[in-house]
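Derivation of every value follows stated rules applied to the coordinates shown; laboratory data play no part. Remember, it's a predicted structure, so these values are computed and weren't measured experimentally. As a convention, Cβ positions derive from the backbone with ideal geometry for all residues, glycine included, and neighbour counts pool all protein chains shown.
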Amino acid sequence: MAVIELCRKTRGGRSFGPKSDVRVYATREKGGKRRFSVGVRLSETVMRRLRWIVGDLVRASFDDSSMTWTLRRVADKTGNRLSGQGRKDGAGTVRFAVDSGDLSVFGLDGDSGYDCELVSSDGDSASFKKC
């Protein structure tokens, strides 16, 4: 069992619309053949339930044995910002840069994604499991 923690590295990526509570996806970064962005898109409902807003700093952890993501809102600069990506639908997206060889650890391959559902939450953290 491994828990992988993601923190701030770079910018980039694009999003896909959510079909459930959370959508996890991978996109190739511009100009980088070996770098990908892993994006986690929270639905408007989840953002409201957690009382998070666009601009909050977030860190992500992934447990590969249970396929569970845990997002934590942090006050320091160790997280990436939730972005609305120019939309006003209330959803938020946070992205993290990873090498292409690390995508399979997250259950992803190039330009793919999957849906997750909210398992547990408190004010500053939330756990999501792959559907």
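On a straight-distance basis, which aspartates and glutamates could pair with LYS33 in a cross-link, Cα separation under 13 angstrom, same-chain partners fewer than 8 positions away excluded? Filter leaves ASP99, ASP111. With the convex hull built on the Cα atoms of the chain, state its orientation-averaged projected area in nm². Mean projected area of the Cα convex hull: 7.3 nm².
Counting only the Cα atoms, segment 81-123 fills a convex hull of 137 Å³ per residue. Calculate, for ARG34 and SER61, the FRET efficiency according to 1/(1 + (r/R0)^6) with r their C-beta to C-beta distance and R0 22 Å; round to the nearest 0.05. After rounding, the FRET efficiency stands at 0.40.
ASP124 sits among other residues whose Cβ lies under 14 Å from its own Cβ, and their net charge, with Lys and Arg +1 and Asp and Glu -1, is +2.
Using the Cβ of SER100 as centre and a radius below 12 Å, the other residues enclosed give a net charge of -1, where K and R count +1 and D and E count -1.
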